[in-house]
1. Select from the stretch 25-69 the residues that are modelled with pLDDT of 85 or more and within 15 Å of the chain's Cα centre (by Cα) and list them in ascending order.
2. Is there any pair with a first residue in the stretch 144-160 that is closer than 14 Å to VAL95 by Cβ and a second that is part of a helix (DSSP H, G or I) and of a type in the set (Phe, Trp, Tyr) whose Cβ atoms are under 9 Å apart and which are 6 or more apart or on different chains, and what are they?
3. How about the stretch 64-78: which of its residues are without any contact (Cβ under 8 Å) to a residue 12 or more places away in the chain and part of a loop (DSSP other than H, G, I, E, B)?
4. Taking the stretch 191-207, which residues are surrounded by fewer than 22 Cβ atoms within 10 Å (Cβ to Cβ) and either part of a strand (DSSP E or B) or away from ligand 1 (no atom under 13 Å from the Cβ) (or both)?
5. Take the stretch 84-104 and flag every residue that is assigned to a strand (DSSP E or B), away from ligand 2 (no atom under 16 Å from the Cβ) and either at positive phi or not polar (S, T, N, Q) (or both).
6. Just give me the residues in the stretch 19-59 being in contact with a Leu (Cβ under 8 Å, 6 or more places away or on another chain) and in a loop (DSSP other than H, G, I, E, B), in sequence order.
7. Which residues, counting only those in the stretch 5-41, are among the charged types (D, E, K, R), closer than 20 Å to ASP131 by Cα and either near ligand 1 (Cβ under 8 Å from one of its atoms) or surrounded by 18 or more Cβ atoms within 10 Å (Cβ to Cβ) (or both)?
8. Look through VAL85, VAL95, VAL104 and report the one residue that is surrounded by 16 or more Cβ atoms within 10 Å (Cβ to Cβ) and either away from ligand 1 (no atom under 16 Å from the Cβ) or more than 17 Å from the chain's Cα centre (by Cα) (or both).
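The values are calculated or read from the model by the stated rules, or taken from the named source; none is laboratory data. This structure is a prediction, so every number in the text was calculated from the model and none was measured. Cβ placement follows ideal geometry from the backbone for every residue including glycine, while neighbour counts extend to all protein chains displayed.
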Amino acid sequence: MKLKYIGKTKDVYELEDGNYLLKFKDDVTGEDGVFDPGANAVGLSIEGMGQSGLKLTTFFFERFKEMKIPTHYIKSNIKEGTMTVLPATFFGNGVEVICRYKAVGSFIRRYGMYAEEGQELDAYVEVTLKDDDRNDPLITDEGLEMLKIMTKEEYKLLVDLTRKISGIIKEELSKKDLELYDIKLEFGRVGKDSHIALIDEISGGNMRVYKSGKYIEPLQLEKIFLNE
Ligand SMILES: Nc1ncnc2c1ncn2[C@@H]1O[C@H](COP(=O)(O)OP(=O)(O)OP(=O)(O)O)[C@@H](O)[C@H]1O
Ligand SMILES: [Mg+2]
């Protein structure tokens, strides 16, 4: 097993058979000891966080498998805190796709002149480049094509997949009276045919979820959602 990448919240290993192993850690992103899913640095460490994130991730990836939605998921080992996945190649150095149902966070920081905090948004999708040094800048479909990161057709597919996947997650959460405000997804190309697939993780660290208007922290989210 070869260590490929040390991430902020996960380490990535290459297995003998060429698949990747994601090891979920207890580190979470934030600033000054306060959790912030949009932050680009590890702000604190919370015991049990890795395993908790893996449990939620596994729940959703299993769901997507049933629904034949393309992902990198192969299997999880909750006890070990690991998930075996297909190796993906990125769009450029990686993009993130955000789907918004309520105006909070960076949306309000950017468009606060025109939007009110908590205002309804109709599954608004935006794409950002993974570039910590430049604070993950937003990019348009034209920019993505011009910079040869992806074609307009791939962009459309990505947006459709994002709405579909986010909609399923929103629906699942609503069964537990949990409301999805926004979510960040990652996509890559996997398999021999390099098809577009959902990669990375689906955990509390990548979404904002509220219950009766109150923000639910990632660990709490997993407990409420998975009924532990
Ligand atoms: N199937 C996959 N194949 C290759 N890389 C993957 C796959 N799934 C996830 N990754 C990458 O593995 C890394 C996971 O580590 P982690 O989430 O901790 O990264 P990170 O610190 O958030 O850094 P990054 O800014 O790269 O996301 C991410 O870079 C993610 O894009
Ligand atoms: Mg990450």
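1. Within the stretch 25-69, GLY50, SER52, GLY53, LEU54, LYS55, LEU56, THR57, THR58, PHE59, PHE60, PHE61, PHE64 qualify.
2. Every condition considered, the pairs that remain are LEU144/TYR155; GLU145/TYR155.
3. LYS68
4. Passing the criteria: LYS192, ASP193, HIS195, ILE196, ALA197.
5. CYS99, ARG100, TYR101, LYS102
6. Those that are in contact with a Leu (Cβ under 8 Å, 6 or more places away or on another chain) and in a loop (DSSP other than H, G, I, E, B): ASN19, GLY33, ILE46, GLY48.
7. LYS8, LYS10, ASP11, ASP27
8. Going through VAL85, VAL95, VAL104 in turn, just one is surrounded by 16 or more Cβ atoms within 10 Å (Cβ to Cβ) and either away from ligand 1 (no atom under 16 Å from the Cβ) or more than 17 Å from the chain's Cα centre (by Cα) (or both): VAL104.
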